[in-house]
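These notes are about the structure you will find just below.
Just so you know, all these numbers are worked out from the coordinates, no wet-lab data involved. Bear in mind that the values here come from a model prediction, so they are computed numbers and not experimental data. Cβ placement follows ideal geometry from the backbone for every residue including glycine, while neighbour counts extend to all protein chains displayed.
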Amino acid sequence: MGRADIEKEVTKFQPHIVMTGHSGSTPAHPACLLVLEAARSACPDTLAVYGGVYPTYHAKDILSRHSFVDAIVRGEGEAVALDLVRAVADGAPLDGVKGLSFRSAENEFRENAPALVISDLNLWRVGWELIEDWDLYQCFGLGRAAIVQFSRGCPHRCSYCGQYQFWSKWRYREPKAVAAEIAWLHRQHGVNFVDLADENPTSSKRLWREFLQAMADENVPVRLFATIRATDIVRDADLLALMKKAGMICVLMGIETTDAETLVSIRKGSTVREDQKAVELLREHGILSMLGHIVGFEEERFADYARAIRQVSIYDPDLVNAMYVTPHRWSDWAAENGERKVIQKDHAKWDYRNQLLASRHLSAKAIFWLVKLMELVVHARPRALWRILFHKDRELRAHLRWCFRFSFRVWRAEVTEFVRRPPDERTTLTLAEWFGRARGEAK
Ligand code: SF4
């Protein structure tokens, strides 16, 4: 919705509170600000509340810079949002709402104590009834799609990650209930594709097996997509047949890099051997593999890119998602790399698909073309092309074709955008300054 439409809707509804949250992070920030500014201008007395990962760690900056934001829900939002609404309804002071930062009547920044995380996710439900038009949500060429959480959080501690600290600890929903909900989404709303939004759904092998079994028992033609660590694919090799039966069609594995030393330095906890083995195992069981590869952890040289392209090709994935390192203010990696130069100042582009940090050894232009070359080389290898054309599984062949069509459109659009608006490489802004630490602000 554009600003005028938001203003129109808010004027019609006259809400006491407007809340915007987002499941993503930094790139959604400009859109969230636009929504809240439009809401405030349409309804000056409304309480404008912002929540999500990015505002949690930038609460003070946001409240001091944007007068149209009144309060920020920090951390996991559901329970805090409910407490906030109760306080507003009762006319109680906001000081009592744990997990809230807000601007006081005296225009001062207030930060309440953190809220406890929800201990039992089963007591909370998803407001599926809020979706008005299911046809707006489609993915993977399978028609209607939904994003479902089986679990939250992650027990691992990758140095660049923005997730494990936000969710605090790994928690899960009852496996059978999640499977029943997915089956209900299919029967009730015609959902055919479910993306598991979990950071790490396989944290417990026992619960993961229960979920897969429950999905297989539901026997609905819903296809699943999940992000799973390569180490867990190897660990759970005995579950892959069940995973296929449960409907898993594609697994994204964030291998991040093919350099063994970098894997250690970012605390990934996997090895290049396991990454390659995971691709092989998925293929043996008729599940597509998508590798997430990230450049920029180190200031790589030309030879590093050449090795990465060669290595990813040897892994032989079905798809590759080539990304750029995207630092988060609260991550250890950002603290360790504060001197790196920021070349992209548009928050909307902090989405892993744009280069944000300069490298001493190669220009942004050279890095961009090397990344695009990696995508091209990996996807256009004879073996990859053969699978698109002649994969023996008709369903997988159709998905591969769909993915290639859309990937190519993205590839072309990103090239056009880069040529038209390349990043500003003359910058002297450091990452520490970008995140405000140079001004003595808290991490
Ligand atoms: S495994 Fe994934 S979610 Fe867990 S800490 Fe590492 S990057 Fe984050």
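FRET efficiency for the pair E339 and F302, taken as 1/(1 + (r/R0)^6) with r the Cβ-Cβ distance and R0 = 30 Å, rounds to 0.85. Consider a paramagnetic label point 7 Å from the Cα of I314 along Cα→Cβ; state which residues of the range 367-393 have an amide N under 16 Å from it. Those under the cut-off are 378.
Suppose only helical runs count, i.e. DSSP H with n ≥ 4. What mean residue ellipticity at 222 nm does that imply for the chain under -39500 (n - 2.57) per run, divided by all residues and rounded to the nearest 500 deg cm²/dmol?
That calculation yields -13000 deg cm²/dmol at 222 nm.
For the chain, C32, C43, C139, C154, C250, C403 have no disulfide-compatible partner, since no other Cys C-beta lies under 4.7 Å from theirs.
Can you say what percent of the DSSP beta bridges in the chain, counting only those with both residues inside, are antiparallel? Round to 5.
Working: 11 of 43 bridges.
Bridges in the chain that DSSP calls antiparallel: roughly 25 percent.
A simple spin-label model places pseudo-atoms 7 Å from Cα toward Cβ; at Q188 and R381 they are separated by 4.4 nm.
Backbone amide hydrogens, once placed in the peptide plane, bring G21 within less than 5 Å of G51, excluding anything fewer than 5 places away on its chain. The phi-based Karplus calculation (6.51 cos²θ - 1.76 cosθ + 1.60; θ = phi - 60°) puts the 3J(HN,Hα) values of the range 386-391 at 4, 5, 4, 7, 10, 3 Hz, whole numbers, x for Gly and Pro.
Label-to-label distance, Q138 versus K8, with points set 7 angstrom from Cα along the beta-carbon direction: 2.4 nm.
Coupling constants for the range 55-67 follow from the phi torsions by the Karplus curve (6.51 cos²θ - 1.76 cosθ + 1.60, θ = phi - 60°), and in residue order they are x, 4, 9, 10, 4, 5, 4, 5, 5, 7, 8, 10, 5 Hz; glycine and proline get x. Residue order for E132, E261, E37, E299, fewest other beta carbons within 10 angstrom first, comes to E132, E261, E299, E37.
The mean sequence separation of alpha-carbon pairs under 8 Å and at least six residues apart, normalised by the residue count of the range 332-443, gives a relative contact order of 44 percent. Pick from Y137, Y305, Y164: which residue has the top mean-square fluctuation in a GNM of the chain where Cα pairs under 10 Å get a spring? Maximum among the listed residues: Y137.
Amide hydrogen proximity for M248: with H placed 1.01 Å from N in the peptide plane, the residues at 5 or more positions away or on another chain lying under 5 Å are L224. Karplus-derived 3J(HN,Hα) values for the range 214-229, using 6.51 cos²θ - 1.76 cosθ + 1.60 with θ = phi - 60°, are 5, 5, 4, 5, 5, 6, 10, x, 9, 9, 10, 10, 8, 9, 9, 5 Hz; glycine and proline are entered as x. For the range 131-217, the square roots of the Cα gyration tensor eigenvalues, ordered a ≥ b ≥ c, give a/c of at least 1.5 with a/b no greater than b/c, which places it in the oblate category. Extension gain for the segment D95 to K245, taken as residue separation times 0.36 nm less the Cα-Cα distance, is 48.9 nm to one decimal. Each Cα pair under 8 Å and six or more residues apart adds its sequence gap; the mean of these over the residue count of the range 122-264 is a relative contact order of 21 percent. Extension gain, V88 to A366, is 94.7 nm, computed as 0.36 nm per intervening residue step minus the present C-alpha separation.
Taking 14 Å as the cut-off, the amide N atoms of the range 209-248 that come nearer than this to a point 7 Å along the Cα-to-beta-carbon line of E280 belong to 234-235, 237. Among 150-162, 336-348, 86-98, the peptide with the highest mean count of other Cβ atoms within 10 Å heads the list, and the full ranking is 150-162, 336-348, 86-98.
Taking 0.36 nm per residue of sequence separation and removing the Cα-Cα distance, the F390/S41 pair yields an extension gain of 120.0 nm.
Determine the shape class of the chain: with a ≥ b ≥ c the square roots of the Cα gyration tensor eigenvalues, call it rounded for a/c under 1.5, and otherwise prolate if a/b is greater than b/c, oblate otherwise. Oblate, since a/c reaches 1.5 and b/c is not below a/b. Relative to one another, the C-alpha centroids of the range 207-232 and the range 74-95 are positioned 35 Å apart.
Measuring against 21 Å, Cα to Cα, the residue pairs K345/K365; K244/K372; K169/K345; K205/K244; K176/K277 contain K244/K372; K169/K345; K176/K277 as the ones spanning a longer distance.
With a Förster radius of 30 Å applied to the beta-carbon distance between K205 and E261, the computed FRET efficiency rounds to 0.55. Spin-label model, R420 to F68: label points 7 Å out along the Cα-to-beta-carbon direction sit 2.5 nm apart.
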